[in-house]
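Beneath this line is the structure, given in structure tokens, with notes to follow.
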Amino acid sequence: MNRAELDQLRDRARQAKGEQRVRFLVCYSTPCLSSGAPAIRAALEEGIAEEGRKGEVAVVATGCMGPCSRGPRVTVQHRGGQETAYERVTPEMARVLLRRHAADEEGPPEHVLAPDLPYFTRQTRWVLENSGRVDPENIADYIGRDGYAALGRALHEMTPEEVCEAIARSGLRGRGGGGYPTGLKWHLVRKARAERKFVVANGDEGDPGAYMDRTLMESDPHKILEGMAIAGYAVGADKGFIYVRGEYAVAAKRLEKAIRDAERLGLLGARVLDSSFRFRIDLRLGAGAFVCGEETALMNSIMGGRGNPSPRPPYPAQRGLWNQPTLINNVETLGAVAPILRHGPEAFAAIGTAKSKGTKIFALVGEVRTAGLIEVPMGITLREIVEGVGGGMSEGETFKAAQTGGPSGGCIPREHLDTPVDYESLTALGSIMGSGGLIVMGQKSCMVDVAKYFMDFCLDESCGKCIPCRAGTVEMHRILERITSGSAVEGEIERLEELCALAREASLCGLGATAPNPVLATLRYFRDEYHAHIREHRCPAGVCRFTDVPREHLGDRQAAQMQSARSEMEGI
Amino acid sequence: MSVITLTIDGHLVSGRAGQSVLEVSRDAGIEIPTLCWLEGLSPWGGCRLCVVELKGEQRLFTSCTTVAAEGMHVVTRSARLENYRRMLVELLLAERNHYCAVCVVDGHCELQSMAARLGVDHVRFDYLNPPLPMDISHDLFGLDHNRCILCTRCVRVCDEVEGAHTWDVRGRGTTERVVIDLDRPWKESTSCTRCGKCVQVCPVGALFHKGVTVGEMVKDNSFLMDIIKRRRSAQPFVERRRS
Ligand SMILES: Cc1cc2nc3c(=O)[nH]c(=O)nc-3n(C[C@H](O)[C@H](O)[C@H](O)COP(=O)(O)O)c2cc1C
Ligand code: SF4
Ligand code: SF4
């Protein structure tokens, strides 16, 4: 296929869409799939067949529409451009919607999501521009929304250097957590001299509670492939790997289909868009280890080895897959590439703060009214996210802290709610931007318990290669366990801090080096909670059970209470 | 071969391009503590004892994996590094069951002498006391997981020098263990050549000859560099024959 044919395909796709009078978009992303989307789609298709409305009314299974906490989600589009969003749809309701909308009437208002809901209006969608709009399994849908146009432009109008330069000018930084300037990384790989080079898309996403990358891969797989191809052209690679976490079966299936479809149309393969550029993409499935998201472990895993990290330097840009220079980027980073080339790097750079440009996707979860996947401009304050996009705290909850960066990040307390969300500000607060997990906690969360939860995660996910992480996380967890069960003594916080410093500085990879972050951040902002646990055997949030308080510290009544609490727990 | 000059602990030293900081340092007579590193095997970077400070860098670097560069300023000894090294050894001692008094390598153990050298006279962390098995199925050698520090010297020597790749690791975190073939008893291994290299390079009492008792197992890994040197000198001939 050449560029003219791509344009024709785009026009045909748009025309075909225009012929449908009413389109039912059903969210087919994992949260909605598990809350009943397939039954809704079936009900709609049945209804259309029964009423003989094929051709005029269409059902499209799309990616994520958000808000995920209010699924299953359906959006109805009319040819004139009117759109209605429905939440918590049931198959019965789907039939009602079909009947009403086919007759140009509105559906039940109590299920309508107002278009002026802050959740929708406060988002800025770049990377998720197609999410919930296109059928991820239909390449024509993507092309109809200018898909692969950026690749065409890059291949035919720009030199590789210009592409790298455009990405550098956009100010895009790595969305996998580190925030390394993407343009700079591309330049490094482009300049490296080697027989072969590779591009890797990191879709391993191991943060508990985060699902940005999964959603992106499920909702708009072609955007990632297009970004990878552009990256391949820019750095001089002819082969790409996309590494998907093993649990993400839906994402893997859609990516696989997307790769096949793109190859069939000549958008990937031997002569991409009729140019001399050759680029193939292979899918690799992980086995669900958090550490396999770390770039060197991920590359070992792609090469068929054990997912152990290796010391850097050498960095992947110098020596990566099979010792060749390798560009590794997070899937969200690569998802931003095509929109940047289409709208211009300046437009992307116009969003955000001085050092953090563009938009960032967050998985907003926890005690907020409207939870779900959101894409917001960098520099938005945490308050705007929680109170605006998220619609405020859940019923009866008041804000205590928000955790960003998952097990590698930290909590941000109430007094810093007005901090702009950008790489530098979050780091200064002792947290990190991370890959986009954002957990909002209310007063019922115990911060020591939260730190313990993440440490438990890390000790389980430590690969075992180096001792400060392998045994250090276990020792830190033991101390936290003692604090929450009441057997800690004075001095344990200090020992905990020593272990934190060791893990942070002496670990081989980022997992061990960042494992102390949740502890350090909670110690920084909620040290009094630690003291309450140790000195008074009191958990201010009422979470911890103190089942191991030494007998001599207890009065008789307390001892009896502890005894009954303990037997209750053992009974569970 | 180009020569590079760098500063280590205030001394101006020179080395060959491509050498690691550890190698240059050792050649200059400056000893850096190591456990997983062994001359002749590929560097691993797991024990972290050889971490050093580099001028202009915040984080620490393992000297075994860092290539020495012209003009580098390296610090191998500082209060911070010594404190961390002591803690690392404490963690190794706390992680499994290191009861020197009943160990086959008591008195000849690299972990034990490292603890003594770094002044580790007690362990401040919880002993984890994991219940670990032994494998004494083989007629010549024994494996005691209780003493293993997961340095992977056995894995590397078997793969890189003997070429058998009998050893590997399984599991992760503190549940990680060295395994033989795909985790079978040693005597059932179909790849093991009974060469015993793993036993000799193991720094602790995890691998031993059967029949020895407390303190009797003395290891000798001098064979390793003999082999490596002979290989290196044969290399040009091998290459000529290939081409
Ligand atoms: C323990 C650990 C886990 C990681 N997991 C991921 C991940 O799931 N996805 C990801 O993109 N990056 C992850 N990273 C970061 C990668 O190592 C790497 O920096 C990133 O993929 C680079 O892409 P970027 O520059 O586009 O962010 C992880 C790092 C560490 C230390
Ligand atoms: S820090 Fe943890 S995960 Fe990373 S190499 Fe060390 S043991 Fe493995
Ligand atoms: S058995 Fe010995 S050589 Fe092998 S990993 Fe354990 S301590 Fe190291």
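The values are calculated or read from the model by the stated rules, or taken from the named source; none is laboratory data. All values derive from a computational prediction rather than experimental measurement. Using ideal geometry, Cβ is built from the backbone for each residue, glycine included, and neighbour counts are taken over all protein chains shown. With ligands, DNA and RNA removed, areas are computed over all heavy atoms of the protein, side chains included. Shrake-Rupley method; radii C 1.70, N 1.55, O 1.52, S 1.80 Å.
Quick look at the numbers
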read-out: Sum of side-chain charges, A:E397 neighbourhood, beta-carbon under 13 Å (Lys, Arg +1; Asp, Glu -1); value: +1
read-out: Largest-first principal axis extents, alpha carbons of the range A:447-569, Å; value: 49, 27, 22
read-out: Residues in the range B:145-189 occluded by at least 10 Å² - accessible area, probe radius 1.4 Å, against chain by itself; value: B:L150, B:V169, B:G171, B:R172, B:G173, B:T174, B:E176
read-out: Cα coordinate range in the range B:3-77, projected on the principal axes (Å, largest first); value: 27, 27, 18
read-out: Integer Hz, Karplus 6.51/-1.76/1.60 couplings in order for the range A:283-293, x for Gly and Pro; value: 9, 10, 9, x, 10, x, 9, 4, 5, 5, x
read-out: Protein accessible surface hidden between A and B, which excludes ligands and nucleic acids, total in Å², probe 1.4 Å; value: 2800
read-out: Electrostatic dipole magnitude of the range A:367-418 [Cβ: Lys, Arg +1; Asp, Glu -1; Cα centre; debye, to 20]; value: 100
read-out: Per residue value of the accessible surface for the range B:122-230 (all protein chains in place, 1.4 Å probe), Å²; value: 45
read-out: For B:42-51, mean number of other protein chain Cβ atoms within 10 Å; value: 5
read-out: Cα shape, chain B, gyration tensor, a/c 1.5 rule; value: oblate
read-out: Relative frequency of Cα-Cα separations exceeding 15 Å in the range A:501-550, percent; value: 57
read-out: For the range A:40-110, the spread of Cα positions along each principal axis, largest first, Å; value: 34, 25, 23
read-out: Compactness index (Cα Rg / 2.2 N^0.38 Å), the range B:42-168; value: 1.24
read-out: Size-normalised alpha-carbon gyration radius of the range A:146-348, reference 2.2 N^0.38 Å; value: 0.93
read-out: Electrostatic dipole magnitude of the range B:185-243 [Cβ: Lys, Arg +1; Asp, Glu -1; Cα centre; debye, to 20]; value: 440
read-out: Relative contact order, percent, the range A:1-141 [alpha-carbon distance under 8 Å, six or more residues apart]; value: 28
read-out: Theoretical FRET efficiency, 1/(1+(r/R0)^6), r = Cβ-Cβ of A:E498 and A:S275, R0 60 Å, to 0.05; value: 0.55
read-out: Cα gyration tensor category, rounded, prolate or oblate, for the range A:417-479 with a/c compared to 1.5; value: oblate
read-out: The range A:481-550 and the range A:225-257: distance between their alpha carbon centers, rounded to Å; value: 40
read-out: Intensity falloff of the range B:151-212 expressed as log10 I(q)/I(0), Debye formula with alpha-carbon point scatterers, at q = 0.16 Å⁻¹; value: -0.49
read-out: 10 Å binning of all Cα-Cα separations within the range B:54-98, expressed as whole percents from 0 upward; value: 21, 44, 25, 9, 1
read-out: Shape category assigned to the range A:250-325 from the gyration tensor of Cα positions, a/c cut at 1.5; value: oblate
read-out: Residues along the range B:97-131 losing 40 Å² or more of accessible surface when the other protein chains are present rather than the chain by itself (probe 1.4 Å); value: B:R124, B:F125, B:D126, B:L128
read-out: Of all accessible heavy-atom area on chain A, the percent that carbon and sulfur account for (1.4 Å); value: 48
read-out: Per-residue ³J(HN,Hα) for the range A:372-378, Karplus 6.51 cos²θ - 1.76 cosθ + 1.60, θ = phi - 60°, Hz, x for Gly and Pro; value: x, 7, 9, 10, 10, x, 4
read-out: Residue order for A:D274, A:D238 - accessible surface, 1.4 angstrom probe, largest first; value: A:D274, A:D238
read-out: Translational diffusion of the range A:351-442, µm² s⁻¹ [Kirkwood Rh, Cα pairs; Stokes-Einstein; 37 °C; 0.692 mPa s]; value: 259
read-out: Under 5 Å, built H, 5+ apart or other chain: amide partners of B:F61; value: B:V52, B:L54
read-out: Reciprocal mean inverse distance between Cα atoms of the range A:18-75 - Kirkwood radius, Å; value: 11.6
read-out: Positive minus negative residues near A:G293 (Lys, Arg vs Asp, Glu; Cβ under 9 Å); value: -4
read-out: Cα-based Kirkwood hydrodynamic radius, chain A, one decimal, Å; value: 25.2
read-out: Accessible carbon and sulfur surface of the range B:102-223 relative to its total accessible area, %, 1.4 Å; value: 52
read-out: Charge tally in the Cβ shell below 14 Å around B:A28, where Lys, Arg are +1 and Asp, Glu are -1, B:A28 excluded; value: -1
read-out: Sequence of B:K55, A:K223 from largest to smallest accessible area, 1.4 Å probe; value: B:K55, A:K223
read-out: Placed amide H near A:G71: partners under 5 Å, 5+ positions off or other chain; value: A:R88
